[in-house]
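Colleague: Supplied in structure tokens, the structure appears directly below.
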Amino acid sequence: MRIIVCENYEEVSKKAAQMILSQVTLKPNSVLGLATGSTPVGMYKNLIQMNKERYIDFSEVKTFNLDEYYNLPRTNEESYYHFMYENLFNHININSENVNIPNGMAEDIEAECARYDEAIKESGGIDIQVLGIGNNAHIRFNEPTVNFEKGTHLVELDESTIQANSRFFDDIDDVPKKAITMGVGAIFKSKKIMLLACGENKAEAIYNTVYGKVIPEVPASILQFHNDTIIILDKAAAKLLKKEDYKTA
Ligand code: PGA
């Protein structure tokens, strides 16, 4: 794992966008694994700006999102489909046929999960996967549990995740209790992984991810075994790490 610590959120966002820029410059038809949540929003803003200034071209890029709420229509403002179009896709020159987000409204969820894994495989696999991390060290909706799930699957969300996500809904009872998520195995197959975390509330999850035992109770800990993972943090999220274990940006 390579770890870079930046001064603040703005610097993390810039650095992360530069990584995507390098990837897409080297391989214009890159397959990007994308994430929702508050953390990548700044990176998306930087990418939109770079695209406006023609530094980055998304016309051949393919994307796969990590997850979608179960049984929440795409038209709902809290769906991840809506989030991705609002925060990125509406503002860049991507071909919407190249955008992939699990369909949480599918009648046959098992078939939808299998279709999604197959589509990733057919695309040649994810070149770089962007990840956030939960306060409980979840990587997307792979919550702490007793085994690492391989493929895309339906999950029951942790109480702590429902609590954290309730900030986006009028009422905590409106937060969906289930979601479709790529499994840890599918995430792990990505050629590169870039995990972003900001804020003191992520410091313990980052500490456990970097130094802890590799166990499904700390889903992100599996990244210790991945041979091309970069973690980009602000100072607050890096607070518990030893200085010799990271570089500063
Ligand atoms: P956040 O979510 O970026 O909104 O903190 C991260 C996550 O839960 O994966």
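Colleague: Take the range 156-249, compute every pairwise Cα distance, and split them into 5 Å bins from 0; I just need the percent in each bin.
Modeller: In whole percents, the pair-distance histogram is 3, 12, 18, 21, 20, 15, 9, 3, 1.
Colleague: Oh, and also: For the range 110-169, take the convex hull of the Cα atoms, compute a quarter of its surface area, and give me that in nm², please.
Modeller: That works out to 5.3 nm².
Colleague: Additional query: Quick one: net charge around residue 185, please, counting Lys, Arg +1 and Asp, Glu -1 for every other residue with C-beta under 10 Å from its C-beta.
Modeller: With Lys, Arg at +1 and Asp, Glu at -1, the net is 0.
Colleague: Just need the relative contact order of the range 1-87 here, percent rounded to a whole number, with Cα pairs under 8 Å and 6+ apart.
Modeller: 30
Colleague: List, in order, the whole-Hz ³J(HN,Hα) value for each residue of the range 231-248 obtained from phi through the Karplus relation with A = 6.51, B = -1.76, C = 1.60 and θ = phi - 60°; use x for Gly and Pro.
Modeller: Each residue of the range 231-248 in turn: 10, 10, 10, 8, 4, 5, 6, 8, 3, 9, 7, 6, 4, 6, 8, 9, 9, 9 Hz.
Colleague: Sticking with this structure for a sec: Rounded to the nearest percent, how much of the accessible area of the chain (1.4 Å probe, protein heavy atoms only) is carbon and sulfur?
Modeller: Carbon and sulfur atoms account for 48 percent of the accessible area of the chain.
Colleague: Moving on. Could you grab the relative contact order for the range 2-248? Cα pairs under 8 Å, six or more apart, rounded to a whole percent.
Modeller: 25
Colleague: Average the reciprocal distances over every distinct pair of alpha-carbons in the range 26-139, invert the result, and give the Kirkwood radius in Å.
Modeller: Roughly 14.8 Å, rounded to one decimal.
Colleague: Turning to a different aspect of this structure: Under the rule that an exposed site lies in a DSSP loop and has at most 11 other Cβ atoms within 10 Å, name the longest stretch of the chain with no GluC sites (Glu not before Pro) of that kind, not counting the sites themselves.
Modeller: Segment 108-249 is the longest.
Colleague: Continuing with this model, one more query. Of 15/235; 189/247; 15/52, which pairs sit farther than 20 Å apart, going by alpha carbon to alpha carbon?
Modeller: 189/247
Colleague: Taking only C-alpha pairs under 8 Å that are 6+ residues apart, what is the relative contact order of the range 19-68 in percent?
Modeller: 56
Colleague: Then there's this: Using the Cα gyration tensor of the range 76-215, with a ≥ b ≥ c the square roots of its eigenvalues, what is the shape: rounded (a/c below 1.5), prolate (a/b larger than b/c) or oblate (neither)?
Modeller: It comes out rounded by the Cα gyration axes.
Colleague: Under the rule of at least 5 residues apart or a separate chain, name every residue whose amide H is placed under 5 Å from the amide H of residue 34.
Modeller: Hits under the 5 Å cutoff: 64, 65, 66, 130.
Colleague: Averaging the inverse of every distinct alpha carbon separation and then flipping it gives the Kirkwood radius. What is it for the chain, in angstrom units?
Modeller: About 18.1 Å, per the Kirkwood formula over Cα pairs.
Colleague: Using C-alpha positions alone, give me the convex hull volume of the range 1-71 per residue in cubic angstrom.
Modeller: Here the figure is 121 Å³ per residue.
Colleague: Ok, one more. In Å², and per residue, what accessible area does the chain have when probed at 1.4 Å with the other protein chains present?
Modeller: Accessible surface, normalised per residue, equals 48 Å².
Colleague: Which one, 141, 98, 25, is farthest towards the positive end of the dipole of the range 1-153 when Lys and Arg carry +1 and Asp and Glu -1 on their Cβ?
Modeller: So the residue furthest toward the plus end is 25.
The values are calculated or read from the model by the stated rules, or taken from the named source; none is laboratory data. Predicted model only: the values in this text are computed from it and were never measured. Note that each Cβ is placed from the backbone with ideal geometry, even for glycine, and that neighbours are counted across all protein chains shown. Protein only, heavy atoms only, side chains kept; ligands, DNA and RNA dropped before computing areas. Shrake-Rupley method; radii C 1.70, N 1.55, O 1.52, S 1.80 Å.
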